[in-house]
Amino acid sequence: MTKLTLSATQHNLNTNHFSPAVLEIIDTLQQHHYEAYIVGGAVRDSLLNIRPKDFDVATNATPEQIVRLFKRSKIIGRRFKIVHIYKRKDVIEVTTFRGSHTRKQLKRTQTDEGLLLSDNNYGSLEEDAQRRDFSANALYYNPSTNKIIDYCGGFDAIQHKTLAIIGDPETRFREDPVRMLRAVRLQAKLPMQIDNNTYQKILTLQPLLQQVPPARLFDEILKLIMNGYSHPSFLALNETNLLNELLPAAAHHFNNSSVTQALYTQALINSDKRVANHQPITPSFLLAVFLWPEVQYKLGQLVQQNQHMPAQDALSHAMHFTIEEQHATSSIPKRFQSMIREIWQLQSRLTRQHQHTKKAKTLLTHPRFRAAYDFLLLRESSGESDSNIAPWWTSFQATHADILAAAKQERAQLNQQRAKNRARRNRKR
């Protein structure tokens, strides 16, 4: 590998983009005679004139040496140990330079398909650069010298707006199939395109995601739908058939129903707008949208098979079967499941209870009313539902704003008390 060192006159990196916290960490490590660089997405984004949100540091200090230097720090991770350092409101991720594996080491840490099970092998700066995923993410910035070190052609890739994986794409995707999802997410977020060689391998290797634990895949889904670029990410996932490995039911309905396409598209665009406007979003809402067509499909099957089954029982079974099937690919944690179920269950109540003022007022106080109402609005605007009940609920909320305000205040007080109780329990430990 050819080492390229770029001085301040050769790169357009904006040093004002970097948080004081990350600069302090770099300075502390270097004062203790360790190598330390800002690396990865922060350098890449700054070169693209995008203000970075997260900062990673790479160093030749081991995790144990790092935590001895920083009081508010801890080692996390199993597959590869990293250190989280807490400074003010920032969490800075610090990693030790990764090294290459010997054949003997690979036999112990790699599956027959090439998946790396353990990666705690330390090395040099050059080896660490080779081990990174995309060339655009393998740039090392030293604040003390204002220089960028490039071993993998990352600076040139950024200039040409190209996302290319380092090394042989098939080998690197077999080592960690999640890299395919990262490629899609970065392309959606950045003014960059996946290079053809990398893209063609994604088209053939997407079944490798079946080797990834469902819990880890769920974390990747969250990154894809919560980053403010969920709509282009979703479309790219579908184009590459990666969606079928993450959300198979959603992929099926999206590709076979124009109504479902409209439903998903509107939900994703709305979500991205909220992120852009710094408004909160919840993954439970989008997951409820993605799985709703499958719930409706299973509900229709159950009713057809047993016409005497009560409607609520049929819905309960349909929800259960849908979530259980999703677990086979990317498992949804219970804390999200409960909200998803409530949004679905409230759809029939919103349709029925508008006819009863007292019940409608009670429904306004439900913790998931707003999410369920937004879900109904989405269904009607996309053509998935023709109930035309949402305008009535819009008017009803305006008329009874006092009920909504009181319920909101009560939930805030309850959450505050829960937080105090948690803090009290933590102190006792």
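The values are calculated or read from the model by the stated rules, or taken from the named source; none is laboratory data. All values reported here derive from a predicted model rather than from experimental measurement. Note that each Cβ is placed from the backbone with ideal geometry, even for glycine, and that neighbours are counted across all protein chains shown. Protein only, heavy atoms only, side chains kept; ligands, DNA and RNA dropped before computing areas. Shrake-Rupley method; radii C 1.70, N 1.55, O 1.52, S 1.80 Å.
Odds and ends about this structure:
- For the range 349-429, a simple Cβ point-charge model (Lys and Arg +1, Asp and Glu -1, everything else neutral) yields a dipole of about 1160 debye relative to the Cα centre.
- Between Ser387 and Lys358, the modelled labels are 2.2 nm apart [label points 7 Å from Cα along Cα→Cβ].
- With the simple model of a label 7 Å out from the Cα in the direction of the Cβ, Glu239 to Ser100 spans 3.4 nm.
- Once both labels are positioned 7 Å from their Cα atoms along Cα-to-Cβ, the gap between Gln409 and Thr15 label points is 5.2 nm.
- Centre-to-centre, using Cα atoms only, the range 170-215 and the range 8-27 are separated by 30 Å.
- Placing unit charges on the Cβ atoms only, positive for Lys and Arg and negative for Asp and Glu, gives the chain a dipole magnitude near 2180 debye about its Cα centre.
- Cα-based reach from Lys161 at 17 Å (exclusive), listing lysines while leaving out same-chain residues under 8 positions away: Lys189
- Sum of side-chain charges, Asp402 neighbourhood, beta-carbon under 12 Å (Lys, Arg +1; Asp, Glu -1): +2
- For the chain: accessible area per residue (Å², 1.4 Å): 51 Å²
- Comparing Pro177, Pro283, Pro391 in a Gaussian network model of the chain (Cα springs below 10 Å), the most mobile by mean-square fluctuation is Pro391.
- Listed by chain and number, the lysines placed with their C-alpha closer than 16 angstrom to that of Lys87 are Lys53, Lys71, Lys74; residues fewer than eight positions away on the same chain are left out.
- Taking other residues whose beta carbon is less than 11 angstrom from the beta carbon of Phe375, and scoring Lys, Arg as +1 and Asp, Glu as -1, yields -1.
- A Förster radius of 30 Å, combined with the Cβ-Cβ distance separating Thr399 from Ser348, puts the computed FRET efficiency at roughly 0.85.
- Which of Gln409, Gln347, Thr282, positive extreme of dipole for the chain (C-beta unit charges): Gln409
- Centre separation in Å (Cα based) which lies between the range 122-152 and the range 349-385: 53 Å
- Among residues other than Lys298 with Cβ under 12 Å from its Cβ, the summed charge is -3 (Lys and Arg +1, Asp and Glu -1).
- The 3J(HN,Hα) values that the Karplus relation (6.51, -1.76, 1.60; θ = phi - 60°) gives for the range 388-405 are, in residue order, 6, 9, 4, x, 5, 5, 4, 5, 5, 5, 5, 6, 10, 4, 5, 5, 4, 5 Hz. Gly and Pro appear as x.
- Taking the accessible area of the chain, probe 1.4 Å, and keeping the other protein chains in place, the carbon and sulfur fraction comes to 48%.
- Across the alpha-carbon atoms of the range 182-337, the computed radius of gyration and Dmax are 16.5, 56 angstrom.
- Computed over the chain with a Gaussian network model linking Cα atoms closer than 10 Å, the most mobile of Phe234, Phe80, Phe55 is Phe80.
- Take each peptide in 132-143, 10-21, 351-362, 404-415, count the other Cβ atoms within 10 Å of every residue, and average; sorted highest first, the result is 132-143, 10-21, 351-362, 404-415.
- Extension gain (nm, one decimal) between Asn142 and Thr28, 0.36 nm per residue minus Cα-Cα: 39.7 nm
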